[in-house]
1. Which FRET efficiency value, to the nearest 0.05, is calculated for PHE65 and ALA100 with the Förster distance at 41 angstrom and r the Cβ-Cβ distance?
2. Where does the charge balance sit around ARG75 when Lys and Arg score +1, Asp and Glu -1, over other residues with C-beta under 13 Å from its C-beta?
3. Any idea which of PHE65, LEU99, GLN36 is furthest toward the positive side of the dipole for segment 20-114, if Lys and Arg beta-carbons carry +1 and Asp and Glu beta-carbons -1?
Amino acid sequence: MVIELRIALPPIETGLNTISVTTIPAKHAVTGLTRQMALGLGKFDVSVNGVAPGFVISSPVTEAFWNDMGLEIQRRHIESIFLRRTENVGDIAGPVIFLASDLAGCMSGQVLAVNGGKL
């Protein structure tokens, strides 16, 4: 069984970077929740893992958000990613399929960062 948890929060323009002050604690909370659930459910032979995607243009809302950023912020965002591109839905699907398969049978409490290498 795969359970999906999505968190979408608005960015704040800082002049140097577009960040979301609430995204960082939210991502840490999801990591903590994943680990806590893995700890609690492990005794029932249930593994709990997560995927932390980067910015994925996957809907009209995220597409509008991307377009509203403007070319300069888009350029800086792309340059901050090792692979120099945003992720797409297919990039996220592979790790999710892996985690839901028997190949990840001994993984639990892990959150895979699927973000093109963005730190």
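Derivation of every value follows stated rules applied to the coordinates shown; laboratory data play no part. Remember, predicted model here, so these are calculated numbers, not experimental data. Because the Cβ atoms are built from the backbone with ideal geometry, glycine has one as well, and the counts that use them run over all protein chains shown.
1. On the way: r = 28 Å, r/R0 = 0.69.
It comes out at approximately 0.90.
2. Details: positive: ARG76, ARG84, ARG85; negative: GLU72, GLU79.
Net charge in that neighbourhood comes out at +1.
3. Sorting the options by dipole projection puts first GLN36.
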